[in-house]
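Participant: Okay, here's the structure, questions in a sec.
The values are calculated or read from the model by the stated rules, or taken from the named source; none is laboratory data. None of the values given here were measured: they were computed from a predicted structure. Every residue, glycine as well, gets a Cβ built from its backbone with ideal geometry; the counts of neighbours run over all protein chains shown. What goes into the accessible areas is simple: the full protein's heavy atoms, side chains included, and nothing from ligands, DNA or RNA. Shrake-Rupley method; radii C 1.70, N 1.55, O 1.52, S 1.80 Å.
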Amino acid sequence: MNEATLKKAGQHRVAAATESSPPVRVGLVALGCKVNQYELDALGTELRRRGYVCVEADEPADAYCVNTCAVTATSEKKSRQLIRRLHHQNPQAVIVVMGCYSQRAAATVASLPGVRLVIGTGGRARIPDWLDQQMAARISMAGDGEGDGDGDGQGNRDGGSAGAETRVHPVYRLRDYEELPTAFTRHTRAVVKIQDGCSLFCSYCIIPHLRGPGRSRPPEAVREEVRQLVAAGYQEIVLTGVHLAGYGEDLPGEWTLARLVREVGKVPGLTRLRLSSLHPNEVTDDLLQVLEETPAFCPHFHLPVQSGDDDILKRMRRRYRADQVRRLAERLRRIWPEVALTTDIITGFPGETEAAFARTVSLCQDVGWSRLHVFPFSPREGTPAARYPDQVEKAVREERARELIRLGRELAESYHRRFVGRQVEVLIEEEDPAGRALIGLTRTYVRVRVRPGEPGRPDAPDESEERSRPPARSLIQVDVTGADAGGLEAVCRSA
Ligand code: SF4
């Protein structure tokens, strides 16, 4: 039987089996960035279309799909721990692992207990066919009475991964963007991936080695996905990518991020549009003009500056200087006085002296970031920065990180306080676990906890709704009553 026939047979067997047996449950979990989340959501959409029931990672399931991360050593460790935990909580389950960590360490991942398929950062669209075949085989064995007992149904009774299949291929020559199905999730905000890969090779970053060169998604596909999501009721679209501003470099016809945003901004009914991340030197005049002319644009820029010291920035192979960041922040505030500016900082990069670190602190104070993500430097084997001779001691990297985290809290609180006593628009995302408030985000990416107010509480997300539908009436006006470093407290203004 050839591969296509096998796939078809697998699908038919799953479909036939599910008529008489309970649906196959698949637990989905993504670590790391929005790109990973998008890819997993896209996989979930396709699995639901095929009749699978998608569940959270802490629920019992017949299979788990894990999208892993390798951006730091900690991310890799978390990826391994998660896989072990999934196997421990459900030793019978088939585990499929994909993403950056599986691309980097396929053999290690394949040796983890319960893992049956290792896919890297390409070929993810083939996972549903593979699962169809695996699940059909299980169902058929169970029907034949061969699946009982404590084994995994594949002869690996110790729960080890002797049979793990590895489909990980080199990424350097990848030229095409891998199209995945539109990701419909239960959230009110939808992430839309517009490109993959990165060709910049910052000196500390492993991602270009794991995701390959920048590849842009065709603009028609982006537009169509946004159109479908808006039509399905999603209130906010977040354009994301590994290197967002690299969009268009590989496309014919002079496509740029600015041009794409202009096109997406025309989609009827779009209420909010957000960009995930831009380097300071990538915020061009063209892009700013388009953003100013796009009513749906949410004034929030995530500018991962990484350091405030020019020598360190040069060694990181970043293409901007600290003063450029200051000038950009001033310019953005002139256009959008309440703009949210968020960033990522690496502390203890090789060669970072006390004076260099002080310059980073000073940049943070000058810009007044509304949210600061701080990471102690994590040497990634295979990158130039891991081989730099003047590594900073781990304890120093971590102490500097703690100092910046403290500063980040102060800056966040100061940014949030300006909204107290004012009315803001909130996109409701979820109900808090105790059910006493709704949680949402402002246009400037501030988390708000909304309590019921007069004249009435807005409808909470309807439990009976399908997971794939966002809660209704989720864009509301609120009165802000308090603020701290974590966000805002508010009462509902309109029912
Ligand atoms: S831009 Fe730099 S930090 Fe970001 S993915 Fe590319 S190489 Fe890594």
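Participant: If you average the C-alpha positions of region 185-218 and of region 316-373 separately, how far apart do those two centres end up, in angstrom?
Facilitator: 23
Participant: What number comes out for accessible area per residue over region 174-298 if the probe is 1.4 Å? Units Å², please.
Facilitator: That works out to 36 Å² per residue.
Participant: Report the Stokes-Einstein translational diffusion coefficient (µm² s⁻¹, integer) for region 263-418, Rh taken as the Kirkwood radius over Cα pairs, at 25 °C with viscosity 0.890 mPa s.
Facilitator: Working: Rh = 16.6 Å.
Translational diffusion coefficient: 148 µm²/s.
Participant: If you don't mind, another one. Among the listed pairs K193/K266; K78/K394; K314/K394; K34/K314, which are separated by more than 25 Å between their Cα atoms?
Facilitator: Details: K193/K266 18 Å; K78/K394 19 Å; K314/K394 22 Å; K34/K314 27 Å.
In this structure, K34/K314 exceed 25 Å between Cα atoms.
Participant: How big, in percent, is the set of alpha carbon pairs in the chain lying more than 30 Å apart? Mind dumping the intermediate values first?
Facilitator: On the way: 63819 of 122265 pairs.
Beyond 30 Å sits 52 percent of the P(r) for the chain.
Participant: Now for a different question. Would you mind putting 319-331, 124-136 in packing order, based on average other-beta-carbon counts within 10 Å, highest first?
Facilitator: Working: 319-331: 16.5, 124-136: 20.3.
The packing order, highest mean first, is 124-136, 319-331.
Participant: Hey, any idea what Rg/Rh is for region 391-450, computing Rh the Kirkwood way over Cα pairs?
Facilitator: Details: Rg = 16.5 Å, Rh = 14.0 Å.
Rg divided by Rh gives 1.18.
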